[in-house]
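A.B. asks: Okay, here's the structure, questions in a sec.
Values quoted throughout were computed directly from the atomic coordinates according to the rules given, and no laboratory measurement underlies them. As the structure is a computational prediction, the values presented were derived from the model and not from experiment. Don't worry about glycine lacking a Cβ; one is built from the backbone with ideal geometry, like all the others, and counts go over all protein chains shown.
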Amino acid sequence: MRLAPLFFLPLLLQAQPMDPDFAKSVKAWTTKPEFISPLVDHLPLSTTVPSPKEILGHHIGAPKILTYYADMLKYYRALAAKSPRVRVIDIGKTDEGRESVVVVIADEATLRDIDTYRHYLAQLADPRQFTEQQAYEIIGKAKPIYHLMGGLHSGETGPAEMLMELAYRLATEDSRIVRSIRDHLIVTITPAADPDGRDRYVDWYYRYKIDETSEDDNMGGPPYWGKYIFHDDNRDINYSQLPMRNLLAWYLGWHPPIMHDLHESVPFLYTFSGQAPQEPGLDPILYGELPWFANFEMEQMTKYGMPGVWTHGYVDMWSPGYLGFMSSNHNGMLRMFETFGNGGANTMHRRIRPDTSGGGEALPGQASQGMAAREWYRPLPPYAEVDWSIRNNTNYMETGVLSGMQLAAAFPEIVLENFYKKSLHSIEAGKKEAPYGYVIPSDQPDETRIAMVVNILRLQGIEVGRALSEIKLKEGTFPARSLVIKRDQPYGRLAKILLEKQVYPDPQLRTYDDSAWTMGLMAHVKIVESADQAVLSVPTALIDRYDPAGKAITSPNVVAYVVPDQGSIRMATLRYRLKDVPVKVAEQASAAFPAGSYIFEANAFAKLKPAVESLGLTALPLDGQPTVPTHDVPLPRLAVYSTWGLTQDVGWVRYAFDYFEAPYDLIFKERAKKGNLRADYDVIVIPSQGGSGKSLVYDIAPKSKPLAYTKTDKFKFLGDYGSSDDITGGMGLEGAAEFRKFVEQGGVLITLGDASSFPDDYGIARTIESGRPSAQFYAPGPIVNAEILKQTNPIFYGYTDKMTSVRWANGPLLTVPRTDRGQILMQFPGGDTNVLSGLMRGSNEIRNRPAIVDVPVGKGKVILFATNPCYRWQNFGEFRMLFNAVLNYKNL
Ligand SMILES: [Zn+2]
C-alpha cells in the first residue's frame, strides 16, 4: 500500500465544496508561498454551519483586524447553535465580569454522550478503584481530550484568532486528517485565557498599533492586560487569579490528557519538547512523549515546505508554575508553541536579531545568526529577514496544531494508556520511594498560613487528610489533627514537587523562570517530609478545604482583650476591618502573648468577636492591663507608586493589598510631578519594577506622539487602574525630587526589590550605595536564609526565629557605611549553606549584605528592602514584613 498518496489525496481532491473567497484571500495575505500548508489553504463551505466570516464579517488572518472577546464568544455560540458537534460551557467569571468558557468539539454521538467520556477520563486519572484489565477496557471505550489554549498573553494576538477558524474547520471539514481527529479525539478550546486582557489589548491595538509597519516604530503595549498582572498569568503557580483558577477547576473536572498552550515570540514556530533542566519528579514517560509530538510536528511542517519549524533550545521543563503545566503536573502532557507574532494584525518587516538566544551561539570572531542559525534541532531555519503577516502566523499555528492532533488521533490508545500509566505510577511511586508523605503539624501557632498552603494543595486536587489521632513517625511525634499528605495518590508526584526542597541539577544550566518554590519555606509553615512508610497508613479524614475557626473568649472580670500575634497576615486585615476601634500593639512579648499582639479595650468585644471569628484569629480576655510597652496603630494614608511601563510587580502588591483589605491610592508620575506628596500620604510603597533607579524615573521612552491611556467612547477598555494623557517620559528628576521632599517632610518611603536602588541613585538615601553582583553570579529566584538583626523592630512582629527564609529577589547589593551598620534590620548571611532551595551561583557575593535597611532622612525615613516581601502570590511568609512596615510607620 502506498501510504503517502492516500494520505494527501483526500486533502487535495476533496469532493466537499470549498470557499473560493477564503482560498483567494489567504493566498493574498500569506507573504510567501512556502508559509502555507495543504492543511489550511482551503475552508469548507457549509450551508448550515456559520464560518467566522459569516459572523465576524471577515476571514481569520485578515490584515489589521483583531477580534474583541465578546465577538469571539458570539462566534463560538453561533457555531454551537448550528453545529451538533460544538458546545460552549461556562467555567466562571473574570475580575471584570467576562465569562471564561471552554468550547467542546467532537462528533455528534460523542458530544451527546460527553459525560460518559468525561467519566472514562476521570477513571483513568485515578486508577485506585480498578484492575489493570478494567483500565484497558476503559481505554478501549474512552477518547482523549486534546485541549487548546490561546490568548493567555494578550499581546500575543494570533492564537485567539486562529482557534475560531480551527473550531469551524473541525466542525465542518471532511478531510482525512480532520475526520480522524473528530473520530478519535474530543477537542476543547480556551478561546482566550485572559479575556479582560484581550479586550484591553485590542483597544490599544486599534488606538495605536494599527499604523505600525516595522519593528522600528513599535508603539509598545498598554499598561495593563488583565486587572493585576501581565505575562505572570503564566507564572501564577498558586492560581491566585480568577481566569487561572477557573481553568484549573475545569481541568480537574475534565482531565484532558493533552493541553496545548499557544504563544507568540520566536520565529517561525517553536514546538516545546521539555528540554533540560527537567523536573525529575515528573513521570519519565512524559519526557518521551514531548519530543515524540514536537518532532512529528517539525517533520510534518517541514515536509509541507514550511521553513523555521524547530524544537529544543528554548524553554526548559524546570518550574511547574506555568499555566499549561497544570496538565503535566496532573499526569497529562503539556504541549506549547511559540509562533512568530507582530503584536497585532499588521504585516511588518521583521529581522531576526543576531543576538537572540536559543542556540546559534557565535564562535569567536564570527557573527551569530541567533535563531536564524541552522542547528541540529533547527534543520530548516527561519529566514533572517522577512515580511510577516498574521495570516502567516495563523497558517503555521493551525498547521502545527492539526499535526499534533493528527498524531494524537492516530494513537489515541497510546495517549490514554500513557495518561493511565502516569497516574498509576504516581500512586506507586508514593508507595515505593521516600518521601512517602508530608506532615503539617497541627501545633503551629498560626493556622491561617497553614490554611493558605492546604487550600492551594486542595485547589490542585491533592488529597489532604487530618490525622484522627497522634502520629508517631521516624521524624517525630505529631499531634492529632495534624495534616497529612500521603504520596500514594494520583497527584502524589505533584505534592512532592511543590513541597520538597528544589535541588537544581546543574549550576551551569540556565532556566526560564524560578529555580525554587518550596511551599513551606515560602509560606513559613513547618512541613515535615517523611521517609517513614508508616505515614501511608496513618488514619486520616480527607478534608475539602481548611478554614481555621477563629474564636473570641470573654470573661466576667475582663479589662482588655488581646489578639495574640502568631504571624498571621490577617492581623493586618483585622486592623483594617476594625479601623474605628482603638487598638494598641504590644512592643514586647509577655507571658500571655508575643510581641506584635493587638490590645483592645474591654468594650470592643461586640466588634472584635465577628472580626476574629471570620479571620481565623483568636481574641482572649485579660484580667489586668498589660504591662509591656505598647503603641497606637494609626492607619497610614498609603500610596503605591507605579510606572506606566512595568505595572506587573506593582500588580502583585496591589493584589496582596486588595486581598488583605488594605486601602491605598495607586499613584503615577502625574501625581509625583504635581508635588506635595506629604500633604496626601504618610507612607508610599514603591514596588519592585524595572530593574534600575533610572528606569523607574525615566520609564517609557517618548514616542513620535503622546500615548494616552484614557477611556473614550471608542476605547472603553482603556483607562482602568489609573489613566494618563501620555504614559511616556516617566516622573523624571522633577518627580524624584518630590519623593525626596516627601521623606524630608516626614513621610515613610518603602522601596521593594530592585526599586531599592532608586533612593541611592537619586540622592534620597545618600549614605546608601547600591550595586550589582558580578557577571558570574546567577540566582533565578532561590530561597535563602536571612538573619534578623533587630528582632524588636516592628517589621518583625510575628517572626520569632532569628533566621528566616526569604526568596532571593535579585534586588541591589546594598552597602551601608560602617558607622551606620545599626540601620541594617536584616541581612543575608550568604554562602552555599544558606541557600535553602534552588540555585544561587556565587552565593558568597551576598555575604552579610543588607536585606532590609532603615535610613532616617530629614523628618522621615526610607525603608529599603533588598528582598521583595510581596513576590507574586507566593512568599506569604514575607508578606508580614511589608504590612508591619506600613501599619507601624510611626514606630519604626
Ligand atoms: Zn506568551
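A.B. asks: What is the sum of charges, Lys and Arg at +1 and Asp and Glu at -1, for the other residues whose Cβ falls under 11 Å from the Cβ of Asp513?
C.D. replies: Values: positive: Arg235, Arg510, Arg872; negative: Asp232, Asp316, Asp514.
Surrounding charge for Asp513 is 0.
A.B. asks: Also, I was wondering about something else. Would any residue of the range 305-329 have its amide N under 17 Å from a label point 7 Å out along Cα→Cβ of Ala384? List them or say none.
C.D. replies: 308
A.B. asks: So for each of 218-224, 875-881, 205-211, 572-578 I average, over its residues, the number of other beta carbons within 10 Å; can you give me the resulting order with the highest mean first?
C.D. replies: Working: 218-224: 22.1, 875-881: 25.7, 205-211: 18.7, 572-578: 20.4.
By packing density, highest mean first, the sequence is 875-881, 218-224, 572-578, 205-211.
A.B. asks: When the dipole is taken about the Cα centre of the chain, and only Lys, Arg (+1) and Asp, Glu (-1) are charged at their Cβ, what size is it in debye, to the nearest 20?
C.D. replies: Numbers: 93 positive and 102 negative charges, 178 e Å.
With Lys and Arg at +1 and Asp and Glu at -1, about 860 debye.
A.B. asks: Could you give me D for the chain, from Stokes-Einstein at 10 °C and 1.306 mPa s, where the hydrodynamic radius is the Kirkwood radius over C-alpha pairs? Units µm² s⁻¹, please. Display every interim value, and only then the final one.
C.D. replies: Values: Rh = 29.2 Å.
D = 54 µm²/s.
A.B. asks: Any chance you could count the Lys pairs in the range 532-681 whose alpha carbons are under 16 Å apart, treating pairs 8 or more apart or on different chains as valid? Please list the in-between numbers first.
C.D. replies: Details: Lys551/Lys607; Lys551/Lys609; Lys579/Lys607; Lys579/Lys609; Lys584/Lys607.
Final tally of qualifying lysine pairs is 5.
A.B. asks: Okay, next question. Could you calculate the contour length gain from His631 to Ala434, that is, 0.36 nm times the residue separation minus the distance between their Cα atoms, to one decimal place in nm? List each step's numbers first, then the result.
C.D. replies: Values: separation 197, 0.36 × 197 = 70.92 nm, distance 4.93 nm.
Net length gain for the segment: 66.0 nm.
A.B. asks: Nearest 10 degrees is fine. How inclined is helix 158-172 to the longest principal axis of the chain, computing both from alpha carbons?
C.D. replies: For 158-172 against the chain, the angle is about 40 degrees.
A.B. asks: I've got another one for you. Hey, can you rank 232-241, 550-559 by average C-beta count inside 10 Å, highest first?
C.D. replies: On the way: 232-241: 22.0, 550-559: 13.4.
Answer by packing, highest mean first, reads 232-241, 550-559.
A.B. asks: R0 = 35 Å: FRET efficiency of Gln588 with Ala531, Cβ-based, nearest 0.05?
C.D. replies: On the way: r = 40 Å, r/R0 = 1.15.
It comes to 0.30.
A.B. asks: Still on this structure, I have one more. By how many nm would the segment from Asp443 to Ala410 lengthen if fully extended, with 0.36 nm per residue of separation less the alpha-carbon distance?
C.D. replies: Details: separation 33, 0.36 × 33 = 11.88 nm, distance 5.38 nm.
Gain in length upon complete extension: 6.5 nm.
A.B. asks: Also, quick follow-up: May I ask for the angle, rounded to the nearest 10°, between helix 447-459 and the longest principal axis of the chain, with both axes built from Cα atoms and the value confined to 0 to 90°?
C.D. replies: Tilt relative to the chain: about 0 degrees.
A.B. asks: List every residue whose amide H lies under 5 Å from the amide H of Ser515, counting only residues 5 or more places away in sequence or on a different chain, with H placed 1.01 Å from N in the peptide plane.
C.D. replies: Residues meeting the amide H criterion: Gly781, Leu839.
A.B. asks: Counting only residues 5 or more places away or on other chains, whose amide H sits under 5 Å from the amide H of Val857 once H atoms are built in the peptide plane?
C.D. replies: Val862
A.B. asks: Let me ask something else about it. Kindly state, as a whole number, the per residue volume in cubic angstrom of the convex hull around the alpha carbon atoms of the range 447-526.
C.D. replies: Spelled out: Cα convex hull of the range 447-526, divided by residues, is 128 Å³.
A.B. asks: From the C-alpha coordinates alone, can you work out the Kirkwood hydrodynamic radius of the range 71-123, in Å? Spell out each step's value before the answer.
C.D. replies: On the way: mean 1/r = 0.0819 Å⁻¹.
About 12.2 Å, per the Kirkwood formula over Cα pairs.
A.B. asks: On to the next question. Going by amide H atoms built from the backbone, whose H comes under 5 Å of the H on Ser100, apart from near neighbours?
C.D. replies: Under 5 Å from the amide H of Ser100 lie the amide H atoms of Ile91, Gly92, Lys93, Thr94, each far enough along the sequence or on another chain.
A.B. asks: Where both residues lie in the chain, what percent of DSSP beta bridges are antiparallel, nearest 5? Numbers along the way, then the final one.
C.D. replies: On the way: 71 of 111 bridges.
Counting DSSP beta bridges with both partners in the chain, the antiparallel share is about 65 percent.
A.B. asks: Just from its helices, what would the mean residue ellipticity at 222 nm be for the chain, if runs of 4 or more DSSP H residues each count -39500 (n - 2.57) and the sum is divided by every residue, rounded to the nearest 500 deg cm²/dmol? Walk me through the numbers before you get to the answer.
C.D. replies: Numbers: 26 runs with 278 residues, N = 892.
Helix-only estimate at 222 nm: -9500 deg cm²/dmol.
A.B. asks: Taking the Cβ of Gly253 as the centre, find all other residues whose Cβ is under 14 Å away and add up their charges (Lys, Arg: +1; Asp, Glu: -1). List each step's numbers first, then the result.
C.D. replies: Numbers: positive: Arg118, Arg245; negative: Asp90, Asp115, Asp126.
For residues surrounding Gly253, the net value is -1.
A.B. asks: Go through Met826, Leu892, Pro869 and say which Cα lies farthest out towards the positive end of the charge dipole of the range 797-892; charges sit on Cβ, +1 for Lys and Arg, -1 for Asp and Glu.
C.D. replies: Sorting the options by dipole projection puts first Leu892.
A.B. asks: Starting from 0.36 nm per residue, how many nanometres of slack lie between Lys705 and Thr833 once their C-alpha separation is accounted for? Numbers along the way, then the final one.
C.D. replies: Numbers: separation 128, 0.36 × 128 = 46.08 nm, distance 5.29 nm.
Working it through step by step, the gained length comes to 40.8 nm.
A.B. asks: Within 10 Å, count the other beta carbons around each residue, average over each peptide in 257-263, 152-158, 54-60, and list them highest first. Provide the component values of the computation, followed by the final result.
C.D. replies: Numbers: 257-263: 27.1, 152-158: 25.3, 54-60: 18.3.
Top of the packing list down: 257-263, 152-158, 54-60.
A.B. asks: What FRET efficiency would be calculated for the residue pair Asp820, Lys694, taking the C-beta separation as r and a Förster radius of 25 Å, to the nearest 0.05? Numbers along the way, then the final one.
C.D. replies: Numbers: r = 25 Å, r/R0 = 0.99.
E between Asp820 and Lys694, to the nearest 0.05, is 0.50.
A.B. asks: Between Asp21 and Lys501, what is the FRET efficiency for a Förster distance of 51 Å, r being their Cβ-Cβ separation, to the nearest 0.05?
C.D. replies: E(calc), rounded to 0.05, equals 0.30.
A.B. asks: List the extent of the Cα atoms of the range 697-829 along each of their three principal axes, largest first, rounded to whole Å.
C.D. replies: On the principal axes, the range 697-829 reaches 56, 36, 33 Å in Cα extent.
A.B. asks: Using the alpha-carbon atoms, what tilt in degrees (0 to 90, nearest 10) does helix 284-303 show relative to the longest principal axis of the chain?
C.D. replies: 40 degrees
A.B. asks: Which of the aspartates and glutamates could a cross-linker bridge to Lys303, judged by Cα under 15 Å and excluding same-chain residues fewer than eight apart?
C.D. replies: By straight Cα distance, Lys303 reaches Glu34.
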